[in-house]
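The values are calculated or read from the model by the stated rules, or taken from the named source; none is laboratory data. Treat the numbers as computed from the prediction; the structure is a model and nothing was measured. Quick reminder, even Gly has a Cβ in these numbers, built from the backbone with ideal geometry, and neighbours come from all protein chains shown.
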Amino acid sequence: MQQDYVHHIGHKRSISSYQGNLLIALFITGAIMVAEVIGGLLSNSLALLSDAGHMFMDVLALLLSFLALRFATRPATQKQTFGFYRLEILAALINGTVLLALSLFIFYEAYQRFIQPREIRGFIMLGVAAIGLGANIISALVLKAGSHESLNVKGAFLHVIGDLLSSVGVILGGAIILLTGWKRVDSIISFVIGVIILIGAYRLVMESVHILLESTPKDIGLNEVIDGVKTIEGVRDLHHVHLWTITSGIYALSAHVLIEDQMTSRSSQILEDIDRFLRERFNIDHTTIQFECEACQTDFVCRLDTSGNLPESQTGE
């Protein structure tokens, strides 16, 4: 009989809504980008043209996020036994890296504009920026819910927030320029926007790296998990514990559990109790538990073996 190597994850996620929301944000951002290119050329506004370049990066980021979610829905295979969930984290890492680069670009442009202010047709600039602000607000609202559950959608959401802040900065800068003629305010606002984007990008990159390094989830305490499992009837000890995140909201745990010497049917009940506890208390759905027990009349530790072989303590080894 052919052995099945594919281990399916019991945790089910509905990501079709994420895909639809990303598509909406993608089309809105693309339309704003085209409008800002036209508006920037008509108004001679470097701010609008720069923001259009920002939008172009965001279009690519949203497209990448959408494709990552599409691949994440593909079933697991014999080579990718966890499926393609990690593509979501890779997309988030790339988005965060792009945001870091974008913030540095904004700092550079802000410095250049501070040294050599440019003439701007303020009314066209304000009109296009106001349209962009309204559209970005819609995109942010569309992506906000998913940003709390998916790190990939969170990356796309941060891109849209960056667009929104850019639009606010362009509007404030344009208004101040029209009222006072002080053009360097555009550089100051751009720098503030860059700092905000930089902070968000840094957090996104660190969260992505945290998951890719298979670190313990930030919202779960490993000692709390160990102490909780030890309270389950029949469990004597827990060791070789590994806890990590597969992708946003999907946690996995593997461990060796020392149990009392007992019938195999009883050990099945202990396993069910452990799985239920981890799922209900910590939202850990994917578990791999190896039972160990102390033999009754020896000092050896034997592993419960479902292959039909005798435990080590009974083979004389």
- Yes/no for ASP227 being in a helix (DSSP H, G or I), among the charged types (D, E, K, R) and outside the structural domain of GLY53 (by TED's automatic domain parsing): yes
- Report yes if VAL153 is aliphatic (A, V, I, L, M), in contact with an Asp or Glu (Cβ under 8 Å, 6 or more places away or on another chain) and either crowded, with 22+ Cβ neighbours inside 10 Å or not assigned by TED's automatic domain parsing to the domain that holds ALA92 (or both), otherwise no. no
- Does at least one position in segment 141-153 carry a residue that is under 18 Å from SER190 (Cβ atoms) and among the hydroxyl-bearing types (Ser, Thr, Tyr)? no
- Message: I need a count of the residues in segment 179-224 that are at pLDDT 85 or above, more than 17 Å from VAL153 (Cα to Cα) and hydroxyl-bearing (Ser, Thr, Tyr).
- Response: 2
- Message: Restricting to segment 97-123, count the residues that are touching a Ser or Thr at 6+ places or on another chain (Cβ under 6 Å) and part of a helix (DSSP H, G or I).
- Response: 5
- Message: Can you go through ALA156, ALA175 and tell me which one is over 24 Å from PRO117 (Cβ atoms) and in contact (Cβ under 8 Å) with a residue 24 or more places away in the chain?
- Response: ALA156
- Qualifying residue in segment 206-215 (condition: among the charged types (D, E, K, R) and in contact with a strand residue (DSSP E or B) (Cβ under 6 Å, 6 or more places away or on another chain)): yes
- Just for segment 188-202: of the residues that are crowded, with 21+ Cβ neighbours inside 10 Å and not hydrophobic (A, V, I, L, M, F, W, C), which one is farthest from LEU126 (Cα to Cα)? GLY200
- Complete set of residues in segment 68-83 that are outside any helix (DSSP H, G or I) and either free of Cβ contacts under 8 Å to residues at least 60 places away in the same chain or not aliphatic (A, V, I, L, M) (or both): THR73, ARG74, PRO75, THR77, GLN78, LYS79, GLN80, THR81, PHE82, GLY83
- Task: State yes or no: is ILE246 touching a residue at least 24 places away in the same chain (Cβ under 8 Å) and surrounded by 15 or more Cβ atoms within 10 Å (Cβ to Cβ)?
- Result: yes
- Query: Could you say which residue among ASP237, ASP285 is in a strand (DSSP E or B), in contact with a helix residue (DSSP H, G or I) (Cβ under 6 Å, 6 or more places away or on another chain) and among the charged types (D, E, K, R)?
  - Reply: ASP285
- Query: Out of SER17, SER65, which single residue is within 21 Å of the chain's Cα centre (by Cα), modelled with pLDDT under 70 and part of a helix (DSSP H, G or I)?
  - Reply: SER17
- Where ALA72 falls short, out of the listed (1) at pLDDT 75 or above; (2) in contact with a strand residue (DSSP E or B) (Cβ under 8 Å, 6 or more places away or on another chain); (3) not hydroxyl-bearing (Ser, Thr, Tyr): (1)
- Query: For segment 240-258, which residues satisfy the criterion of being polar (S, T, N, Q) and either more than 30 Å from ALA91 (Cα to Cα) or not in a strand (DSSP E or B) (or both)?
  - Reply: SER248
- Filter result (under 28 Å from PRO217 (Cβ atoms) and either in a loop (DSSP other than H, G, I, E, B) or touching a Ser or Thr at 6+ places or on another chain (Cβ under 7 Å) (or both)) within segment 259-273: ILE259
- GLY146 meets each of (1) at pLDDT 80 or above; (2) closer than 30 Å to ASP219 by Cα; (3) not charged (D, E, K, R) with one exception, condition (1)
- Item | Residue in segment 259-266 that is in contact with a Gly (Cβ under 6 Å, 6 or more places away or on another chain) and assigned by TED's automatic domain parsing to the domain that holds HIS148 present | no
- Query: Quick check: anything in segment 111-119 aliphatic (A, V, I, L, M) and either closer than 16 Å to LEU48 by Cβ or under 19 Å from the mean Cα position of the chain (by Cα) (or both)?
  - Reply: no
- LEU178 being in the same structural domain as LEU102 (by TED's automatic domain parsing) and surrounded by 13 or more Cβ atoms within 10 Å (Cβ to Cβ): yes
